[in-house]
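The structure appears right after this line, and notes come after that.
The values are calculated or read from the model by the stated rules, or taken from the named source; none is laboratory data. If you're wondering where the values come from, they're calculated on a predicted model, not measured in any experiment. Here Cβ is always computed from backbone atoms with ideal geometry, including for glycine, and neighbour counts include all displayed protein chains.
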Amino acid sequence: MTAPKQRILLAALALSANRIVPIDELVDLLWDGAPPESWHAALHNYVARLRKSMGLAAPRLMTRSPGYALELANDAEADWREFEALAWRSQASVQAGEWDQAGTALRAALALWRGVPLIDVPCEALRREWVPALTERWLQLVEWRIDADLMLHHDSNLIVELRPLVSAYPLRERFHCQLMAALCRSGRQAEALAVYQDARRLLVTDLGIEPGPELQQMHRQVLSGARDPLIECGVRGRPCGSPPTHSMCLRR
């Protein structure tokens, strides 16, 4: 599908799958709040073209007062919905300390990630509403998957994976904490301590704050010579900084 307006229409309907999207909302998204006089005929045209491009799936694009709805049979028919369903499943396993199950669900969820969401959809309003939340969810799942690998001692390549994550998201303390744990396990305590000093310097300089409790506790464990700071820093097998009991509120 190459027509920009059809991409916007499909994205708006897919992101609100099984919900009616009012015509007024679609018009605002398609024309950025400044529709032409002929918007009604144009919208009807875009819907007709979208139905045609969808082929046999077209009956799922339903006219429902006061707008339109894209009806899906299950979460697997839309990547973002399957991603979120797997995220909820993995969160339950993480909270229970069931790391094998968590790792399986997390890998399945992360395999659905295709980079920046909505990158080919020319609608700033949609990107502003959805991209930060989806990106935050992805980062959360990456953290949990690394936690699972660390807890299961599947950490042979984690140092290589974590260094670019620390560089790309320097204010995300969990990545620093995980990198320190992986380095310490490899007998590289001096490098682990250097990671802490770099993180602290950045936080103090950029935000004017000291590292949070998780990172400070990891630092103390490394300084004390803990053989496995992740375990000794955590609570009954759960990693330092276990996930909260709530999830990010993406619409379901």
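Going through (1) modelled with pLDDT under 90; (2) farther than 30 Å from G33 by Cβ one by one, D79 falls short only on (2).
Scanning region 1-28 for residues that are crowded, with 17+ Cβ neighbours inside 10 Å, in contact (Cβ under 8 Å) with a residue 60 or more places away in the chain and more than 20 Å from R64 (Cβ to Cβ) yields a total of 1.
For (1) of a type outside the set (A, V, I, L, M); (2) over 24 Å from I119 (Cβ atoms); (3) surrounded by fewer than 16 Cβ atoms within 10 Å (Cβ to Cβ); (4) in contact (Cβ under 8 Å) with a residue 12 or more places away in the chain, each residue gets a yes or a no:
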position: L30; (1), (2), (3), (4): no, no, no, yes
position: M54; (1), (2), (3), (4): no, no, yes, no
position: R60; (1), (2), (3), (4): yes, yes, no, yes
position: L70; (1), (2), (3), (4): no, no, no, yes
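Given the structure, is E191 part of a helix (DSSP H, G or I), free of Cβ contacts under 8 Å to residues at least 12 places away in the same chain and under 23 Å from M151 (Cα atoms)? Considered against the rule, which asks whether it is part of a helix (DSSP H, G or I), free of Cβ contacts under 8 Å to residues at least 12 places away in the same chain and under 23 Å from M151 (Cα atoms), E191 comes out as yes. In this structure, V160 does not satisfy being crowded, with 19+ Cβ neighbours inside 10 Å and either of a type in the set (A, V, I, L, M, F, W, C) or out of contact with any strand residue (DSSP E or B) (no Cβ under 7 Å at 6 or more places or on another chain) (or both).
Looking only at region 180-208, how many residues end up being hydroxyl-bearing (S, T, Y) and crowded, with 16+ Cβ neighbours inside 10 Å? Before you say what the answer is, go through the steps one by one.
Start the filter on region 180-208 by keeping residues that are hydroxyl-bearing (S, T, Y), which leaves 186, 196, 205.
Remaining after also requiring crowded, with 16+ Cβ neighbours inside 10 Å: 196.
So the answer is 1.
For L50, indicate whether it is of a type outside the set (F, W, Y), out of contact with any Lys or Arg (no Cβ under 8 Å at 6 or more places or on another chain), within 26 Å of D32 (Cα to Cα) and modelled with pLDDT of 95 or more. Criteria not met by L50.
Output the number of residues of region 78-93 satisfying the condition of being acidic (D, E) and crowded, with 21+ Cβ neighbours inside 10 Å. Summing the residues that are acidic (D, E) and crowded, with 21+ Cβ neighbours inside 10 Å in region 78-93 gives 1.
Can you report the number of residues in region 79-92 which are in contact with a helix residue (DSSP H, G or I) (Cβ under 8 Å, 6 or more places away or on another chain) and over 14 Å from I146 (Cα atoms)? So that I can check it myself, show each step before the final result.
Start the filter on region 79-92 by keeping residues that are in contact with a helix residue (DSSP H, G or I) (Cβ under 8 Å, 6 or more places away or on another chain), which leaves 80-87, 89-91.
From the residues that got through so far, the ones that are over 14 Å from I146 (Cα atoms) too are 80-87, 89.
So the answer is 9.
For region 209-222, filtered to residues that are assigned to a helix (DSSP H, G or I) and of a type outside the set (D, E, K, R), the residue that is surrounded by the fewest Cβ atoms within 10 Å (Cβ to Cβ) is P213.
Condition (residue is assigned by TED's automatic domain parsing to the domain that holds L106, touching a residue at least 60 places away in the same chain (Cβ under 8 Å) and under 21 Å from A102 (Cα atoms)) applied to region 152-168: is it met by at least one residue? Within region 152-168 (the criterion being assigned by TED's automatic domain parsing to the domain that holds L106, touching a residue at least 60 places away in the same chain (Cβ under 8 Å) and under 21 Å from A102 (Cα atoms)), the answer is no, since none of the residues qualifies.
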